[in-house]
Amino acid sequence: MLKVENTLNSNEGKGFVTINGKTRELFELTKLEANIELIVSERKILGHRMVAHKVCGAKGSGSITMFFNNSDILKEMINYIKTGKSPKISIQMYNDDPTSDIGRQEMVLKDVIIAKLLAGKIDVDSEDGLTQEADFTFDDIDGLEYFKTTEN
């Protein structure tokens with residue numbers, strides 16, 4: 001049975017971004033989600049009535065929500081528009097809830113492409129902090145550390 005103390009508090013973690021070799025903490029980060037989706041092809045097999053499936057690849061995608069108070073990535077997007085030179089971006093993230101026995105899990109998302117980024121926003125009806133949401137893709141992933149299996 002799962003011990004409740006081994007469920008993770010999702011705000012116990014951090015994110016870092018590396019842009020063209022320079023790394024900084026994503027201190028403005030409020031939410032980060034990265035997903036791996038398998039690409040599955042369908043195959044018909046003679047004499048078999050069910051369609052069979054085969055994994056033939058994978059793709060990475062995600063979303064990020066940040067307070068709108070840092071222009072590093074926006075500057076790189078504008079530079080791309082002006083010069084055609086795309087920035088090299090990676091995102092490193094970890095979950096580490098000190099109240100849990102399962103430890104820490106840390107991933108590096110490589111070759112990140114931010115598909116949409118807020119350039120500016122004004123909202124007279126909002127009293128909340130200005131945030132931006134962006135979707136991204138990534139082409140590779142490294143696992144630096146994984147959660148431990150615990151005895152329950």
Original post:
What ranking of GLU106, GLU145 emerges when the number of other C-beta atoms within 10 Å of each C-beta is taken as an exposure proxy, fewest first?
Top reply: GLU145, GLU106
Original post:
According to the square roots a ≥ b ≥ c of the eigenvalues of the Cα gyration tensor, what is the shape class of the chain, taking rounded for a/c under 1.5, prolate for a/b larger than b/c otherwise, and oblate for the remainder?
Top reply: oblate
Original post:
Please identify the trypsin sites (Lys or Arg not before Pro) of region 53-112 that satisfy two criteria: DSSP loop assignment and at most 16 other Cβ atoms within 10 Å. Which are they?
Top reply: LYS85, LYS88
Subject >> the chain: relative contact order as a whole-number percent, Cα under 8 Å and 6+ apart >> reply: 26 percent
Original post:
Which residue, chosen from PHE136, SER61, ILE81, occupies the Cα position most advanced towards the positive end of the dipole of region 4-145, where the dipole is computed from +1 (Lys, Arg) and -1 (Asp, Glu) charges on Cβ about the Cα centre?
Top reply: ILE81
Original post:
Taking 0.36 nm per residue of separation and subtracting the Cα-Cα distance, what length does fully extending LYS121 through PHE147 add?
Top reply: 5.5 nm
**OP:** Might you report the magnitude of the Cβ-based charge dipole of the chain about its Cα centre, with Lys and Arg at +1 and Asp and Glu at -1, to the nearest 20 debye?
**Re:** 940 debye
Original post:
Out of residues 5 or more away from LEU130 or on other chains, whose amide H comes under 5 Å of its own, with H placed 1.01 Å from N in the peptide plane?
Top reply: PHE68
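According to the square roots a ≥ b ≥ c of the eigenvalues of the Cα gyration tensor, what is the shape class of region 76-128, taking rounded for a/c under 1.5, prolate for a/b larger than b/c otherwise, and oblate for the remainder? Kindly include the intermediate steps, with their values, before the conclusion.
Working: a/c = 5.66, a/b = 1.38, b/c = 4.10.
Taking the square roots of the gyration eigenvalues as a ≥ b ≥ c, region 76-128 is oblate.
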Original post:
For region 12-63, what number of Lys pairs, 8 or more residues apart or on separate chains, have alpha-carbon atoms under 26 Å from each other?
Top reply: 8
Original post:
What list of ³J(HN,Hα) values in whole Hz, one per residue of region 3-19 in order, does the Karplus curve 6.51 cos²θ - 1.76 cosθ + 1.60 (θ = phi - 60°) give from phi, with Gly and Pro shown as x?
Top reply: 7, 4, 5, 8, 7, 8, 7, 6, 8, 9, x, 8, x, 9, 10, 10, 10
Subject >> region 124-152-region 1-74 distance, computed between alpha-carbon centres (Å) >> reply: 7 Å
Subject >> Extreme residue, positive dipole direction of the chain, given options ILE102, LEU26, GLY47 (C-beta unit charges) >> reply: GLY47
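None of the figures in this text is laboratory data; all of them are computed from the coordinates on show. Note that the coordinates shown come from a computational prediction; the quantities given were computed from them, not determined experimentally. Counting neighbours? That spans all protein chains shown, and the Cβs are built from the backbone with ideal geometry, glycine included.
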